[in-house]
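Coordinate-derived values only; no laboratory data. Bear in mind that the values here come from a model prediction, so they are computed numbers and not experimental data. Virtual Cβ from ideal backbone geometry, glycine too; neighbours counted across all protein chains shown.
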Amino acid sequence: MPQGYKKSGSLRKVFKKMPGGESKLTYLARNPSVHKCAECGKELKGIPRLSSTKAKNTPKTKKRPERPYGGYLCSSCARKKIVQEVRRS
Amino acid sequence: MYEIGRICVKIAGRDAGLKCVVVDVVDAHTVLIDGQTRRRKCNVKHLELSSQVIKIKKGASTKEVYDEFKKLKIDVRETKPKKAAPRPVKQKKKSSVDVKSKKADKKTDKKAEKSVKETPKVESKKEESKTVVSKETNKESEKESEKEIKEESVKPKVSKDSKSASAEKPKAVKTDKK
């Protein structure tokens, strides 16, 4: 029987092949889900699905698009916001 | 609508939210812009117009645009043009050659000594030993000439540092391929 913490839903089962030829069971952490737009809920592009420990070592420009509201709003929602700001002033 | 001197705001791209001026009209769809944004062509759909119009020549340079923007109290980031860096040159791997060079050094030293004894005007440098060897091929028999041709093919690989070797390389390589 596995240990209690290994039964949690935050881990997933993986069968790995050992150098001797046998395959053994290991438990790995799951990756975060796809990031979504704050307004419309569409899936955002240009954002890798990294855990917090791996995201620390990646540079900032490789985690989000180089655009105002990049990583927060999708491209169409960001355009609407900028147009509203221009028309007010 | 999109006339020369019209101030716009860019909507798309990493320059979004910055002000710019129409400098030239290219098509019904494209326009040349400059200002807070980079100087480049832009699609008309990615611009939002404003009511201001400035007096500018067609195809004005960036300095003239910056002077006009400073009068309107718009902050502009001034940059110097960069020189294009030279293309990186691939360097050939020397690890495979160094093994052969050690063996070749022994052979060349032996035969260089022979060439030294035969001719009076010879110095210790490898460059001059090659010229001596090349002259001797015409005089000596075919067997010795074949050996020396192989030496010539090996020698230029050995002394890559000397620039004269590069001139002699094509001669030696062609004989080996045959």
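Quickly work out the B:Val25-to-A:Lys6 label distance, labels modelled 7 Å from Cα along the C-beta direction, and quote it in nm with one decimal.
Here the modelled spin labels are 7.3 nm apart.
So for each of B:88-94, B:60-66 I average, over its residues, the number of other beta carbons within 10 Å; can you give me the resulting order with the highest mean first? Mind showing how you got there, number by number?
Details: B:88-94: 6.9, B:60-66: 15.0.
With the highest mean Cβ count within 10 Å placed first, the list reads B:60-66, B:88-94.
As a quick test, which of the pairs A:Lys62/B:Lys63; B:Lys10/B:Lys63; B:Lys10/B:Lys55; B:Lys45/B:Lys82; A:Lys45/B:Lys83 have an alpha carbon distance above 26 angstrom in this structure?
From A:Lys62/B:Lys63; B:Lys10/B:Lys63; B:Lys10/B:Lys55; B:Lys45/B:Lys82; A:Lys45/B:Lys83, over 26 Å: A:Lys62/B:Lys63; B:Lys45/B:Lys82; A:Lys45/B:Lys83.
Which whole-angstrom value gives the distance between the alpha carbon centres of the range A:1-44 and the range B:36-62?
A separation of 51 Å, based on Cα centres.
Across peptide A:56-68, what mean number of C-beta atoms from other chains lies inside 10 Å of a residue's C-beta?
Mean number of neighbouring Cβ atoms from other chains: 1.
How about chain A: which chymotrypsin sites (Phe, Trp or Tyr not before Pro) there lie in a loop by DSSP and see at most 15 other Cβ atoms within 10 Å?
Numbers: sites: A:Tyr5, A:Phe15, A:Tyr27, A:Tyr69, A:Tyr72; in loops: A:Tyr69, A:Tyr72.
Sparse-neighbourhood loop chymotrypsin sites (Phe, Trp or Tyr not before Pro): A:Tyr72.
Between the alpha-carbon centers of the range B:4-27 and the range B:70-89, tell me the distance in whole angstrom.
Computed from Cα coordinates, the inter-centre distance equals 18 Å.
Would you mind computing, in nm to one decimal, how far apart the modelled labels at B:Glu64 and A:His35 are, each placed 7 Å from Cα along Cα→Cβ?
The answer from the label model is 4.3 nm.
So for chain A, considering every pair of alpha-carbon atoms, how many percent are separated by more than 23 Å?
Summing the P(r) of chain A above 23 Å gives 50 percent of all pairs.
Applying 1/(1 + (r/R0)^6) with R0 = 30 Å to the Cβ-Cβ distance of A:Val14 and A:Cys77, what FRET efficiency is obtained, to the nearest 0.05?
Details: r = 37 Å, r/R0 = 1.25.
Working from the Cβ atoms, E equals 0.20.
State which stretch of chain A is the longest one without any exposed GluC sites (Glu not before Pro), exposure meaning a DSSP loop state and at most 13 other Cβ atoms within 10 Å.
A:23-65
Quick one: if the Förster radius is 22 Å, what FRET efficiency do B:Val53 and B:Lys73 give, using the C-beta to C-beta distance and rounding to 0.05?
Working: r = 17 Å, r/R0 = 0.77.
Result of the calculation: an efficiency of 0.85.
Say R0 is 22 Å: what FRET efficiency, to the nearest 0.05, do B:Ala12 and A:Lys42 get from their beta-carbon distance?
My answer for the efficiency is 0.85.
Full extension from A:Lys60 to A:Lys24: what is 0.36 nm times the residue separation minus their Cα-Cα distance, to one decimal in nm? Walk me through the numbers on the way to the answer.
Numbers: separation 36, 0.36 × 36 = 12.96 nm, distance 3.68 nm.
So the chain would gain 9.3 nm between A:Lys60 and A:Lys24.
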